[in-house]
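The values are calculated or read from the model by the stated rules, or taken from the named source; none is laboratory data. This structure is a prediction, so every number in the text was calculated from the model and none was measured. Don't worry about glycine lacking a Cβ; one is built from the backbone with ideal geometry, like all the others, and counts go over all protein chains shown. For the accessible areas, the whole protein counts, side chains as well, though only heavy atoms, and no ligand, DNA or RNA atoms are used. Shrake-Rupley method; radii C 1.70, N 1.55, O 1.52, S 1.80 Å.
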Amino acid sequence: MDMNKQNSANSVSPQGLEVESTICAISTAPGVGGIAVIRVSGQDAIRMCSSVFQPMNSGEKLTDQSAYTVRYGNIVNEKSIPVDEVLVTVFRAPHSFTGEDVVEISCHGSQYIQQQILQLLIHKGCSMAKAGEFTMRAFRNGKMDLSQAEAVADLIASTTSASHRMALNQMRGGFSSELKELRSQLLDFVSLVELELDFSEEDVEFADRSKLSELARVIEAKISELAGSFKVGNVLKSGIPVALVGETNVGKSTLLNLLINEEKAIVSDIHGTTRDSIEDLVDIDGISFRFIDTAGIRKTKDTIENLGIERTYQKIEQSEIVLWIVDCTQVTEHIEWLTEKIARRAEGKKIILVFNKIDKLIDDEREVIDQLFSRFVAERVYISAKRNINTHHLREALVNASQLKEINHGDVIVNNVRHYEALLKANEAIQRVISGIDTGIPSDFLSRDIRDCMYHLGEITGQISSDEILGNIFGKFCIGK
Ligand SMILES: Nc1nc2c(ncn2[C@@H]2O[C@H](COP(=O)(O)OP(=O)(O)OP(=O)(O)O)[C@@H](O)[C@H]2O)c(=O)[nH]1
Ligand SMILES: [Mg+2]
């Protein structure tokens, strides 16, 4: 993408080449903190900062400062009046985040100070950075590919250990190296096929078709594996959906409030209290769960309540794990009916039977309950949501049911819809290659499909990209990233 066209502050160098402007922004979170960091990047970064910086040791000029060193001094205004005492770190191109000269000014966290320093820099010719512009420059200068740049945003947004691990791995280039390997295999592949095109008159076959077919299948398996990991990646990013379902008054909302540690849902002993679904995210053992409280299932003539119950059914279908909550003291006579309503929709999902209100349970009643639900092969836990008894068993059962605990540091997991869609398209292309080899289509068609597959993989890393795509991706970043 040609950033120069976007940035009105760009200038023209004596050689006539367009030179990118030097940009600045506050890179720490908005608001007041102990300290704040202002980042400046571009070929004039060091000179511009030097003109507003007075080192404590007057012999040390910022422009002479070597890379990766820190200087202590004052930022001063036009009248040489100190604005703040700061630490200034210098990075020199190409060994910096953006690949350009970078200066990071660590000042005190006052918003007034931050704004004053920014204004001084702008006065010296700096431009305000646009959203994601530092990362975009890093991408454009080849410091990282597009999927790594996107991982920077994910890393900053990560709230659980699993999403953090996933983003960190992607940022370090785990995914990129898998894609690079795939593209190099495809390149070998297409060169073999295209060699035949050069000799098409002579009708020769350089590439052994069974070897080609084998190679295509290996590539297809890898692409499928990556695409398949999206399901895990997506739930890790947005939380595993867990629906809390059951009859009315069994304690679903009480349990939701306990799990999310907040009185979010209304609890009452009136049947049919919850009408609409209520959701919240909670991190258990490093895994993010999205708990969804739903309207209790019962036969009712109330129109609104029935709409709520319809929604409950949808939530069962949308969730990965279903907590079927049963009131121990009111063991249902409607198991058949409920099974029809819940279990049928929860087919293929993890069901955990949660027997609630054990604080009111007499010992031998437990056997009766077990008996009633004996035909369900589901994990069961006996808890009291109101008195917080045994709820750690439920948390353990949830973590086990998620099957996500085993993610290792090196695992490549796709968690981005854009990457997933590109992988699906690459997969379609390689499928065409496989069936093309099987049916013996001419080399030029094969070559076109292989190149199509490479094209879609290239979209992920940014080798193939458009202004629109880049604008979309980096526009979602905050200013200062
Ligand atoms: N003794 C006891 N009472 C509980 C327990 N959990 C919930 N309750 C009570 O059961 C009643 C119903 O609780 P809710 O959480 O509103 O039940 P619900 O399943 O959300 O009900 P609906 O929204 O109507 O479907 C309330 O009076 C709760 O205080 C428990 O573990 N033990
Ligand atoms: Mg409720």
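Descriptive notes on the structure:
- Packing-based ranking of 266-275, 369-378, 218-227 yields 218-227, 266-275, 369-378, ordered from highest to lowest mean Cβ neighbour count within 10 Å.
- Using heavy atoms of the protein chains and a probe of 1.4 Å, the accessible area assigned to Tyr420 is about 70 Å².
- Rg over Rh [alpha-carbon atoms, Kirkwood Rh] for the range 76-197: 1.17
- Counting heavy atoms of the protein chains alone, Asp198 has an accessible area of about 120 Å² for a 1.4 Å probe.
- Average accessible surface for the range 62-181: 44 Å² per residue, computed with a 1.4 Å probe over protein heavy atoms with every protein chain in place.
- Charge context of Asp280, other residues only, Cβ under 12 angstrom, K/R +1, D/E -1: -3
- Translational diffusion of the range 212-294, estimated by Stokes-Einstein from the Kirkwood radius over alpha carbon pairs at 4 °C in a medium of 1.567 mPa s, is 85 µm² per second.
- Solvent-accessible surface (1.4 angstrom probe) belonging to Asp363, in square angstrom, nearest 10: 140 Å²
- Residues Trp324, Trp337, ordered by accessible area of protein heavy atoms at a 1.4 angstrom probe radius and largest first, appear as Trp337, Trp324.
- Selection among Gly296, Gly73, Phe474 by position relative to the dipole of the chain gives Gly73 as farthest towards the positive end (Cβ unit charges, Cα centre).
- With every protein chain in place, the chain: carbon and sulfur % of accessible area (1.4 Å): 50 percent
- Accessible-area order (highest first, 1.4 angstrom probe) of the listed residues His108, His123, His456: His123, His108, His456
- Student exercise, the chain dipole from Lys, Arg, Asp, Glu Cβ charges, in Debye to nearest 20: 1540 debye
- Local electrostatic count, Thr254, Cβ distance below 15 Å [Lys/Arg +1, Asp/Glu -1]: -2
- Gyration tensor analysis over the Cα atoms of the chain returns equivalent ellipsoid semi-axes of 52, 39, 17 Å (largest first, whole Å).
- Checking the Cα-Cα distances for Lys360/Lys386; Lys143/Lys231; Lys143/Lys476 against a 18 Å cut-off, the pairs over it are Lys143/Lys231; Lys143/Lys476.
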